[in-house]
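Here, each number is a calculation from the coordinates, and none is a lab measurement. Since we're looking at a predicted model, the values are computed, not measured. Every residue, glycine among them, receives a Cβ derived from its backbone with ideal geometry; neighbour counts consider all protein chains shown.
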Amino acid sequence: MPKYTFKCEDVGMDCGFEIKNAGTEDELLEMLKIHAKSSHGVTSIPPDLLNKIKQNIKKVGKYYFSCASVGMNCGFEIMGAQSEQELLDELAVHAKMSHGMSSIPQDTLNKIKQNIKVM
Ligand SMILES: [Zn+2]
Ligand SMILES: [Zn+2]
């Protein structure tokens, strides 16, 4: 299971508040609401700030991808990458060397991102 981490400073608040390793995004957001009210006087988080917060929540887990999930039958899998970026960098090498793709087209990349699993 991924863990969810958030720091107020990531959305420009200089208060030192952080939540580490919450079990779910909802759990993290519930705690953040309490903090927003108590420390920032925000009784309800406006949607634009909520979006910004969600974009800055970091998922910490092991990243997994298999070519089979995007219809490639080459048997290739990556397990245990530390970040989505690491996984995509490694996948770029595989795409180039095994599939002859010098760069991954945007639509394929979107499909890949949808099929990356975090465990
Ligand atoms: Zn704060
Ligand atoms: Zn492949």
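Over the Cα atoms of the range 49-94, the radius of gyration divided by the Kirkwood radius equals 1.12; this is the Rg/Rh ratio. A crude spin-label estimate for the pair K59 and E84, with each label 7 Å from Cα along the Cβ direction, gives 0.7 nm. For the range 3-60, pairs of C-alpha atoms spaced more than 17 angstrom apart make up 27 percent of the total. Between S69 and S44, the C-beta separation translates, for a Förster distance of 41 Å, into a calculated FRET efficiency of about 0.60.
Mind ranking 37-50, 65-78 by how tightly packed they are, going by the mean number of other C-beta atoms within 10 angstrom, highest first?
Values: 37-50: 11.4, 65-78: 13.9.
The packing order, highest mean first, is 65-78, 37-50.
Past 22 Å, Cα to Cα: identify those pairs from K7/K113; K7/K52; K20/K111; K52/K113; K54/K113, in the order given.
Values: K7/K113 24 Å; K7/K52 12 Å; K20/K111 29 Å; K52/K113 20 Å; K54/K113 17 Å.
Beyond 22 Å: K7/K113; K20/K111.
What the Cα convex hull of the chain gives, in volume per residue, is 119 Å³. For A81, the residues whose modelled amide H falls within less than 5 Å of its own, excluding neighbours fewer than 5 places apart on the same chain, are Y63.
Would you calculate, for the chain, the mean residue ellipticity at 222 nm contributed by helices, counting each DSSP H stretch of 4 or more residues as -39,500 (n - 2.57) and dividing by all residues, to the nearest 500?
Working: 4 runs with 52 residues, N = 119.
It lands at -14000 deg cm²/dmol.
For the chain, the dipole from Cβ point charges (+1 on Lys and Arg, -1 on Asp and Glu) about the Cα centre works out to 140 debye, to the nearest 20. Between S83, L49, G61, the Cα set farthest toward the positive side of the dipole of the range 47-94 (charges on each charged residue's Cβ, about the Cα centre) is that of L49. Net length available on complete extension from E77 to E25 is 16.0 nm, with 0.36 nm assigned per residue and the Cα-Cα distance removed.
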